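Chemist: Before we start, here is the structure in question, set down as structure tokens.
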Amino acid sequence: MSLERSDDHDHDAWMEQKNLTPIEGVYLTVLLWLDKRLRVVDYLEVLENLYYKVNLQMPKSHTEQYNLDNKFWYWYPLYALGSFSTIAYVVAAISGALLGFYYSPAAAAGACTIDGASVAYCSLTAIMTDINFGFMLRSIHRWSAQVMTAAVFLHMLRVYFTGSYKEPRELNWILGIVLISLTMVFGYTGYLLTWDQLAYWAGQIGVEMSLSIPLIGEWVAQLIFGGFSLGQATLMRMYILHVFFLPFVVTALIAVHIGIVWMQGIAEPH
Amino acid sequence: MTRDNSTDADESSGTDTGEGVAADGTGIVAPDDETPTWGERKERTQGLSRLTYEYFERSRREDQELRNDSSYVERDVLAFPTWPHEMVRNLALTSFFVGLIIFLSATLPPHLGAPANPSQTPAIILPDWYLYWSFGLLKLGPLNPELAVLGGSKLLQDSTYGVLANLVVVGFIAIVPFLNKGSARRPVEQPFWSAVGVFGVVFAAMISTLAIKNLTPTWIDPHLLFDLTFFLPFVAGFITYGILRAMREGYMFDLNRRYYRLRPPR
């Protein structure tokens, strides 16, 4: 009787008799260690599946099957717009996370030498003038956002003019409308974060727009802008929408949008 | 190996392992032989779950029949493999595109205006360019009807009217798939809806110009610009419709000629 648990299957002896090379030995030891705790074998099938997916042969597309390339080649670049907007979104996410290290969303008077500057504005000038590659970082963030919005607009036009929204893709079209709207909200909230004159007065228009909605206008203005005049609450809300709320929502929706395209297949030109 | 292990453990540790123990190693003991299987449970359920189950069974059968009837033959190699061919191409395109963004940001750095000042309204108030259309729709006041019933006053405030116009535009775009049905894909196959699309694009461009009219050259009269905003989209739409209809004639002629070459009329 020993307190040590017995190795029922004696994996060690099995490994001994296998005459393994050091690499194989380390690999098996790690695998056994992980498997004992996480039961990896139960998920091996998933890995196997993935392995075969990587080596998948793409089936011949409609255009290849009917040799229509000579007719439609000029449409093809337009079919890349969806992935271009996704790539731009990823670039914006990375540069945005880096910018987030240095930006502080406060409307109180800032410590920099500029007259009437807020803390937010001062952190922006610090990013642009004090930090190595800070100006480039902001530039990349802004341009990737612009490019994403442009690509999303053009993507919508492509889908419209090639009739790709028709059955069975209606739901994905509506999801796309939601996504393009959220992209513009993303842009708008980011536009306000600089807290310069343009940002402030664009925010003012936003408040007036929400106030002019019948019945629920005041409630909407309170919810989104944190009041009827712009201030610390507005900036904070824009910041949280821009760096917390929207990234989760938009990323999830993009995943669903692309997942549906994957399931239904690309609507090829006919 | 793992299966053996668990059954061994069951047999050695269990005190009263009768026939009731499932042989699949789960160790779940059914109360008696009358206990329904999961399949039977599904069949017996009522209401919505029952309906769902029946529909899934039907669609599965439909799929099976389609598969049986199809003449599709799977070939060994249909096209390029995903790895490396497709992946390398995608990576090249991605890097080129990211490079383009970096090039743009290096050559055209962004602007940062004067700090926010609530007491001084600037001459130019603008959202980012992609919101110009929405900004322009807020300036539709002159189109807001003055109703005679209400003694010449407006039913909606001009600002409410503008916000409503936004909703109407987005709502219309959202229901397009339910208005335009059928299998037509190319613009030439659907001149009307392509014309609607061109109308929309030109309208978006014009309403954006209207939104920034204080930046446009002074030789355009604001009233003329306002009229053009609603006139040009129709012109563009009609021209598109005409061109595509004319193209469709030729297109159909081509298709028919090909068809009759393949199957000459008797």
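The values are calculated or read from the model by the stated rules, or taken from the named source; none is laboratory data. What you are looking at is a predicted structure, and each value in this text was computed from that prediction instead of being measured. Using ideal geometry, Cβ is built from the backbone for each residue, glycine included, and neighbour counts are taken over all protein chains shown.
Chemist: Determine if region A:119-138 includes at least one residue that is more than 23 Å from A:S229 (Cα to Cα) and in contact with a Gly (Cβ under 7 Å, 6 or more places away or on another chain).
Modeler: yes
Chemist: Of the conditions (1) more than 11 Å from every other protein chain (Cβ to nearest Cβ); (2) touching a residue at least 24 places away in the same chain (Cβ under 8 Å); (3) surrounded by fewer than 18 Cβ atoms within 10 Å (Cβ to Cβ), A:Y103 fails just one. Which one is it?
Modeler: (3)
Chemist: Provide a single number: the residues in region B:213-243 that are within 23 Å of B:I125 (Cα to Cα), among the aromatic types (F, W, Y) and either surrounded by 14 or more Cβ atoms within 10 Å (Cβ to Cβ) or at pLDDT 95 or above (or both).
Modeler: Residues meeting the conditions: 1.
Chemist: Within region A:208-236, how many residues turn out to be of a type outside the set (S, T, Y), in contact (Cβ under 8 Å) with a residue 12 or more places away in the chain and surrounded by 20 or more Cβ atoms within 10 Å (Cβ to Cβ)?
Modeler: 4
Chemist: Please list, ordered by first then second residue, the pairs with beta carbon atoms under 6 Å, 6 or more apart or interchain, first in region B:181-201 and modelled with pLDDT of 95 or more, second of a type in the set (F, W, Y) and surrounded by fewer than 19 Cβ atoms within 10 Å (Cβ to Cβ).
Modeler: Partner pairs satisfying both residue conditions: B:A195/B:Y241.
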